[in-house]
Amino acid sequence: MSTLEAKRYDQSLWLLEKLRLTQLREQLLADVYGDVLEIGAGTGANIPFYNKSTTVTAVDIIPNRLAGAKKKIETGSDNGRIYLSVANAQELPFVRDKFDHVISTLVFCSIPEPLHALLEIKRVLRPDGQLWMLEHVRGLTPVTQRLTDWLHPVWFALQGECHLNRETAVTVQQAGFEIENSCVYGRGFLQMIQAKIPSTG
Ligand SMILES: C[S@@+](CC[C@H](N)C(=O)[O-])C[C@H]1O[C@@H](n2cnc3c(N)ncnc32)[C@H](O)[C@@H]1O
C-alpha cells in the first residue's frame, strides 16, 4: 500500500469511522498506558488516540501499509512515542513479557492463523498485561450470524484476505486468555474484547 493507497483505505472507512469506529477506537485506548504493541496497525488509524505517555510499537506484515501510519506520525500531534516495524503477528520479533498492553483493531479477520498469533501475543505480553481488541466477528445475533456465514464465501473469494465469520472471542479463550470484558456493537458485527492472562496461565 503506497501513501495514496493508504489514503484510499482511510477513505473507504470514512463513513464507518464517522458512524461509530472512531468513537470505539477512542474508547478502546482510553486506559492504555505504558509499553504497548499494536498488531496489524495498517495505516495507523489508532495513532491519534494513544495517550501521550505511551510508547507504541506498531507492526504490520506489509511494509507499504505502514506508509499511511508514518504520515500520521509526521503530521499528527504528540500522541506518545510511536515506532513502526514490519512484523508478522504469528512470529513476533520481541522478547517474552515485553509489553504492558497489546492492541488489535480489525486485524483478526485477516490473520491466516489467529490462534498462532494469539499465542505469540500471550508470549510477549507481561503476566499482568492486557489484550484489547476491536474486531468484526461472526454475527453475534441470530440474524447477523446467518448474514456473516452466508456472505463470507463470496466476500472472501472477492477480497482474498478478510474472513467475515471468525469467532475471535472463542480463539482468544483457546489461546489461554481470560476475557474480562466484552461488548457488542454495530448490530452484532463488532466486538470489543478486553482479556488478560489468568494468574495460573
Ligand atoms: C483491515 S486492516 C486494519 C488496520 C488497522 N488496524 C485499522 O484498525 O484500521 C488489517 C491489517 O492487518 C494486517 N495483517 C494481516 N495479517 C497480519 C499478520 N499476520 N501480521 C501482522 N499484520 C497483519 C494487514 O496487513 C492490514 O494492514
Q: Check off (1) open to solvent by 50 Å² or more (accessible area, probe 1.4 Å); (2) within 11 Å of the ligand (Cβ to nearest atom) for R81 and give me the number that stays unchecked.
A: (2)
Q: Please list, ordered by first then second residue, the pairs with beta carbon atoms under 7 Å, 6 or more apart or interchain, first in the stretch 99-117 and open to solvent by less than 10 Å² (accessible area, probe 1.4 Å) and of a type in the set (G, A, S), second part of a loop (DSSP other than H, G, I, E, B) and within 12 Å of the ligand (Cβ to nearest atom).
A: S104/G40; A117/A89; A117/Q90; A117/I111
Q) Which residues, counting only those in the stretch 42-64, are more than 17 Å from L13 (Cβ to Cβ) and among the acidic types (D, E)? A) none
Q. Just one of Q194, Q145 is over 22 Å from L28 (Cβ atoms) and surrounded by fewer than 21 Cβ atoms within 10 Å (Cβ to Cβ); which is it?
A. Q145
Q: Could you figure out which of (1) in a helix (DSSP H, G or I); (2) more than 10 Å from the ligand (Cβ to nearest atom); (3) at pLDDT 95 or above isn't true of K70?
A: (3)
Q. So which of L28, L37 ends up being assigned to a strand (DSSP E or B), touching a Leu at 6+ places or on another chain (Cβ under 9 Å) and either more than 14 Å from the ligand (Cβ to nearest atom) or closer than 22 Å to E120 by Cβ (or both)?
A. L37
**Q.** Condition check for E167: under 20 Å from Q90 (Cα atoms), free of Cβ contacts under 8 Å to residues at least 40 places away in the same chain and surrounded by 13 or more Cβ atoms within 10 Å (Cβ to Cβ)
**A.** yes
Q: Tally the residues that are within 11 Å of the chain's Cα centre (by Cα) and either open to solvent by less than 10 Å² (accessible area, probe 1.4 Å) or farther than 15 Å from G76 by Cα (or both), restricting the search to the stretch 35-61.
A: 11
**Q.** the stretch 95-114: number of residues that are in contact with an Asp or Glu (Cβ under 9 Å, 6 or more places away or on another chain) and either closer than 13 Å to G42 by Cα or more than 11 Å from the ligand (Cβ to nearest atom) (or both)
**A.** 12
Q) Of all residues in the stretch 152-162, which are within 14 Å of the ligand (Cβ to nearest atom) and either open to solvent by 40 Å² or more (accessible area, probe 1.4 Å) or among the acidic types (D, E) (or both)? A) W155, F156, Q159, G160, E161
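The values are calculated or read from the model by the stated rules, or taken from the named source; none is laboratory data. From a predicted model like this one, the values you see are computed outputs, not experimental measurements. Don't worry about glycine lacking a Cβ; one is built from the backbone with ideal geometry, like all the others, and counts go over all protein chains shown. Protein only, heavy atoms only, side chains kept; ligands, DNA and RNA dropped before computing areas. Shrake-Rupley method; radii C 1.70, N 1.55, O 1.52, S 1.80 Å.
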